[in-house]
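One structure is given below, encoded as structure tokens.
Throughout, read-outs are computed from the coordinates displayed, never taken from laboratory work. Computed from a prediction, not measured in an experiment: that's the story for all the values here. All Cβ positions, glycine included, derive from the backbone under ideal geometry; neighbour counts span all protein chains shown.
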Amino acid sequence: MRLDEQLCFALYAASRAMTQAYQPFLAPLRLTYPQYVVMLVLWEGDGLTVSEIGERLRLDSGTLTPLLKRLEGLGYVTRRRSLEDERRVLVSLTDQGRELRKEAVAMRQNMVCSLQGRMDLQTGEQLREALKGLMVVLGPS
């Protein structure tokens, strides 16, 4: 039972390291890493419900709602109740949120460049695929 032999700890520590690596690149966008992944989901498909975003990110509404409120405060998204079902909250990008995507593309390229020399693209892709397989094995959260 050594810490360094635990898969769970390696994943936890790597996740924290990745989040910290993104921090200086996201700061000019005024985003935290969790806010960034919410924006990634919305850039893929605008006008989603909170529950749809939560399913995609494997987050519950209690975790997601504060993130969305902060993004709304930044002017990147709007939240409004569905006219068909008031229990559903629709999240949409503002013009400013859509424009932010251009900056995020450049930010991601800078992030990738910073990793070059420390990890090659093929290794990164293999790692991502292995982690996606692990998520399937562990099931929905």
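Descriptive notes on the structure:
- Residue match in segment 44-56 (condition: out of contact with any Asp or Glu (no Cβ under 9 Å at 6 or more places or on another chain), free of Cβ contacts under 8 Å to residues at least 24 places away in the same chain and of a type in the set (Lys, Arg)): no
- For segment 94-141, taking the residues that are among the hydroxyl-bearing types (Ser, Thr, Tyr) and assigned to a helix (DSSP H, G or I), the one that is farthest from the chain's Cα centre (by Cα) is identified as Thr123.
- Every condition in (1) exposed (fewer than 12 other Cβ atoms within 10 Å of the Cβ); (2) under 23 Å from Ala21 (Cβ atoms) holds for Gln96 except the one numbered (2).
- Against the criterion of being of a type in the set (D, E, K, R), under 27 Å from Lys102 (Cα atoms) and exposed (fewer than 11 other Cβ atoms within 10 Å of the Cβ), Glu44 qualifies.
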